[in-house]
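Everything below concerns the one structure shown next.
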């Protein structure tokens, strides 16, 4: 959901607060990624509590978070992501029989595009909910397209707004970098718990986060070797700084299938019908990779896919189950079979994998400060834990342990 | 014990008496040039051991001695505690303070005498205990009156020079003072800037962004912004971007390396040197002395190391090994240069700087360059670049996102496009403008002569007129002008660059640079027609609307430094003027960059 050029505001523009930053450090367009300002702790609510029992207070940080979405340029970026928007539209059309004449809630509607697609598919009523000021524009768009009878825009948090009827369908584009970063999934859970009829449809129905070891010599040399010769000057004194800055935090960038050393491991599987807030607070997995080639190991890449499953549609072959996520990765077959073209009776998949067409999510890379040379068939194993930062629940702590060639390492980073 | 060690220390290789004397003399000349003059008394020869009375000519043997005899491995401790230069500085003072009380620096046990302490000294196992103590700022103050070890411990250790690297004492003292002031300030912003500068990818520099406009003009606020500014500048990423900007680098390298007659034997000052690249070019071009000023502590350290690695660094004791060593890096703001080094006013031949920000003037670094000019530059001295010009041109609909929002998957989302334009009418957009989107000819907004301009002339108001660029004979259609785009050029003119003048341009007509251009959007677009194209329709009252397009747009542009330190305010007052003189003035738009 978060575009590559994070804090765009309008036509490729950055909000005033970051103007200075262009020269001073962050938010540069040429960077592999920029990010919108996301601030704000998740509300300090009891994780096991269901959303409909006690709406948590909206804090200043939440307001700042919502404000960042008022910056319209982000929406331009997301709409222009054809893979994303086309897949959602196709999924809505594929489930037309479940949407026509039904009541839909679009959680985090933004410009309202998904709500409008649902109206087009024949929905009786669509509640388009967004806490950000963009909801005002969404309302204008609905009016301009004469859909005011069908689409009702609610400007507020899903936790606060009132819908006085049961809902048949929940649709949402909630996925963040690394799937879970800054994820709106909590709001989707809230909407589900508050309004969704038993047997109701949720689109997408499930999501999976993957990780794989990667080699990326170009990227490494680009960040590092550059300093060895700058107009004939040896600037290797910059190397420690360069490494620190380049590899300290996760990097959102696009890699290719060739960068991946072996089949990925599923870090976390989310069943949108059953997932609870509690299980999102900390996600942990152990992994065991066997490199398919001899190459320097530069780090790990993370990406996700989501599936649009409905009751009448058979799950995509090798639909991931809860057990897959917990087991170590000795099931390469599952992942490879997934890559076959889905037939019309199979659920649509929106994938952000390196071998698939690029999306604005790209992939999320965690680089090591020093690469590890790896032989073919060499084992790379360890664990990774993603958790809500105590500093700020909208931030994500990543604790990575990895062992290869007899050496063990730990890397901590924060996705801010 | 002490006696033996003295001999060991003084004689590098125990050869003849003659050698010994020669060595000593040589060492004296090299080591004590800079600071013996300041004190009346002759300070004790060489570097004093931390634990005993042993004396050494250089720190390498001193530390070896401490490691073997006193179980204090300086380098290992430094590494274990991850100490930077000042951390190590504090460590030495801390250890000396403990020794003075006959206390073991590592475990804290006190002994009746120094000798008892020396017998006790053991390897440190638990560094956790030591850590907090050595971080105490009181150890920034030298424990011993004349502790030469403090000024030599940060030796290169390359083995290239035989003589130890001696840091300029006064410079160091000043740096420490500044450092002490900074940390005493203890502001959240500095910490935020530090922490975010370590994670620069896309991270908002909270320090800068959070300084609200209600914090006006107090020295403390200026300092806070400066700290965030300089803290951020130490992020390597911007330097990467600037060094990779070929247009920028080519212009400067041409201006410097292409004008060796200007640089040969010259005293050069580089204001805001960053990685020091321009200073190194100047050294390559034959400068006799280059003073590279950098206010960011981290970058000053890096620039120093880079100068050393490339054999351009000037070591204060005038090392014979390094004839090419002409670059001195000074950590501090150029406005406070006299607090950092001894320099004769008006003694600089060439003032060099890459000071330009977005829209030329953002960051207000020009003021620093002018202050350096007024204080340090010789009369008739050269400034590179010596001219700067701001240009403007009007742009059309294609440069906005309006076309995109008109049809999104078949739906009319133009309301969103309008919202964007409204927002853009308050906030400047820094982005690359395609020359095909320009609808008027470029016009000069303001020219600066860096040699003669006064410091307050960085704030200015200018009036310009924009006319459509299509010729009267070809395109009769009305063009909508959606705003103005600003860019700049700086000149390294033949006034100083006689052999090879150069121009650095950030125009949309030339290769893009990391400055891109600055886009200021009108609240309402103004309709324009080429001159003399249509003046028959006098019925409509307005000007600049479809029915009666303007022949030209008159613009009053003001750029002034904002109350918020280092920010600028841009105001635009537009008036559409028809060929028959009818005029419509639009409400002023103020663009905030804070």
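Counting, for every residue in B:518-527, the Cβ atoms of other protein chains within 10 Å of its Cβ and taking the mean gives 1.
Which FRET efficiency value, to the nearest 0.05, is calculated for residue B:449 and residue A:383 with the Förster distance at 60 angstrom and r the Cβ-Cβ distance? It comes out at approximately 0.40.
Neighbouring Cβ atoms within 10 Å as the yardstick, rank B:70, B:311 fewest first. Each step should come with its number before you reach the end.
Details: B:70 21, B:311 15.
The fewest-first ordering by Cβ neighbours comes to B:311, B:70.
Using r as the Cβ-Cβ distance of residue B:435 and residue A:165, and R0 as 45 Å, what FRET efficiency do you calculate, to the nearest 0.05? The pair residue B:435/residue A:165 has a calculated efficiency of 0.20.
Separation of region A:193-249 and region A:76-100, taken as the distance between their Cα centroids, equals 28 angstrom.
Separation of region B:80-122 and region B:354-372, taken as the distance between their Cα centroids, equals 47 angstrom.
For a quick check: sort B:451, A:142, B:268, B:560 by the number of other beta carbons within 10 angstrom, fewest at the front. If you can, show how the numbers build up before the last one.
On the way: B:451 17, A:142 26, B:268 30, B:560 14.
Lowest count first: B:560, B:451, A:142, B:268.
Relative contact order of region A:58-173: 28 percent, from C-alpha pairs under 8 Å at least 6 residues apart in sequence. Using a simple spin-label model with pseudo-atoms 7 Å out from Cα toward Cβ, residue A:392 and residue A:193 lie 2.5 nm apart.
Two numbers describe the Cα atoms of region B:235-384: Rg and Dmax, which are 14.3, 46 Å. Contact order, relative form, for region B:235-384: 22 percent (alpha carbon pairs under 8 Å, 6 or more residues apart, mean separation divided by residue count).
Can you pull the mean other chain C-beta count within 10 Å for peptide A:242-250?
Details: counts 4, 1, 5, 10, 5, 1, 4, 6, 2.
Averaged over the peptide's residues, the number is 4.
The modelled label-to-label distance between residue B:585 and residue B:347, using points 7 Å beyond Cα along the C-beta direction, is 5.4 nm. Here the mean projected area of the convex hull built on the C-alpha positions of region A:58-173 is 6.8 nm².
Counting neighbouring beta carbons within 10 Å and listing from fewest to most, the residues B:452, A:352, B:447 come out as B:452, B:447, A:352. Using C-alpha pairs below 8 Å separated by at least 6 residues, the relative contact order for region B:257-306 is 41 percent.
Between residue B:338 and residue B:494, full extension at 0.36 nm per residue minus the direct alpha carbon distance yields a gain of 53.0 nm. Taking packing as the residue-averaged number of other Cβ atoms within 10 angstrom, the listed peptides A:282-294, B:421-433 run from highest to lowest as B:421-433, A:282-294.
Each reported figure results from applying straightforward, stated rules to the coordinates on display, with no laboratory input. All values derive from a computational prediction rather than experimental measurement. No Cβ is skipped: glycine too gets one built from the backbone with ideal geometry, and neighbour counts run over all protein chains shown.
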